[in-house]
1. Among the listed residues Arg89, Arg61, Arg42, Arg18, which satisfies the condition of being in contact (Cβ under 8 Å) with a residue 24 or more places away in the chain, outside the structural domain of Ala149 (by TED's automatic domain parsing) and either touching a helix residue (DSSP H, G or I) at 6+ places or on another chain (Cβ under 7 Å) or within 30 Å of Asp158 (Cα to Cα) (or both)?
2. Does Ala26 satisfy being of a type in the set (A, V, I, L, M, F, W, C), touching a residue at least 24 places away in the same chain (Cβ under 8 Å) and over 20 Å from Glu131 (Cα atoms)?
3. Which members of segment 207-255 meet the condition of being farther than 20 Å from Gly182 by Cα, within 11 Å of the ligand (Cβ to nearest atom) and modelled with pLDDT under 95?
4. Applying the selection to segment 28-87, what residues are part of a loop (DSSP other than H, G, I, E, B) and small (Gly, Ala, Ser)?
Amino acid sequence: MSAEPRLFIDQPLSGGARLELDRDAAHYLVNVMRLKPGAPVRLFNGRDGEWRAQVAEAGKRAAALSVSERLRAQAASPDVHLYFAPVKRARTDFIVEKATELGAGLIGPVMTRRTNAERVRTDRLAATAREAAEQTERLDLPVIAEPVALDRLIAGWDPARRLIFCDEAGEEGEKPWGGEAGRARPIREALEDRRDEGPWAILIGPEGGFDASERELLRAQGFVVPVSLGPRILRADTAAAAALSVWQAVRGDWG
Ligand code: SAH
């Protein structure tokens, strides 16, 4: 990682523009990064690509940047969303950070029967996503969606978007993990088999898993693609990173 700061800034970027920074950004550049006038930074806003800029003014309370040239054009990212049942705070932060690094376009908390998370602070998740996007060289930020109940998410779903349902369980209730019968197909096989070019999403359950009625609801939907992530039970944060990685390798921009 280079020491040169790379910042998301929600202002139009163009050559010659002067950008007045808000208090937080000014504090970060002047007091935390200790940048002096003339120091180079890189900027992106999710729309205009990535730009070179220099510190134009570095006061205690006010700072400004002057934008010089464009370094990279805005490019479309693969269209994949991540929905997950929020877990404990540190693991939820981890999911948001890793999903941002792995290129998710939207990250959405989903409330399921067995979700027992404290209140979900989407403002904190957005700050985590922004930091991860700055350091991972993305040209955009993922959208952080407001928490939604699973049945409402499914009722309002756009069927053109395939939903990869990470489902570890089989159908034999009395056996550990529900036995082998009715197990979902391995994720890679399921993704390689699909010809649809459309957009995708991934759904990860809570630490206690989805309950039987939720699994039934999900499997009844034509847009749902149930998949297995192999013969080990993964924690929700690991499952999210693993599923996104396989998706990027098979359908996304790792090719
Ligand atoms: N039902 C489990 C654990 C759930 S793990 C139990 O309590 O024993 C949390 C979530 O990660 C699951 O809901 C699922 O979406 C995903 N997951 C974990 N391991 C998986 C696997 N091997 N295959 C598919 N999904 C998995």
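1. Values: Arg89 fails: outside the structural domain of Ala149 (by TED's automatic domain parsing); Arg42 fails: either touching a helix residue (DSSP H, G or I) at 6+ places or on another chain (Cβ under 7 Å) or within 30 Å of Asp158 (Cα to Cα) (or both); Arg18 fails: either touching a helix residue (DSSP H, G or I) at 6+ places or on another chain (Cβ under 7 Å) or within 30 Å of Asp158 (Cα to Cα) (or both).
From the options Arg89, Arg61, Arg42, Arg18, the qualifying one is Arg61.
2. Values: of a type in the set (A, V, I, L, M, F, W, C): yes; touching a residue at least 24 places away in the same chain (Cβ under 8 Å): yes; over 20 Å from Glu131 (Cα atoms): no.
In short, no.
3. Residue satisfying the conditions is Glu207 alone.
4. Narrowing segment 28-87 to residues part of a loop (DSSP other than H, G, I, E, B): 33-39, 45-49, 59-62, 73-79, 85-87.
Scanning segment 28-87 gives Gly38, Ala39, Gly46, Gly49, Gly59, Ala62, Ala73, Ala75, Ala76, Ser77, Ala85.
The values are calculated or read from the model by the stated rules, or taken from the named source; none is laboratory data. The shown structure was predicted, so the numbers you read here are calculated from the model rather than taken from an experiment. With ideal geometry, Cβ positions are generated from the backbone for all residues, glycine too; neighbour counts draw on all protein chains shown.
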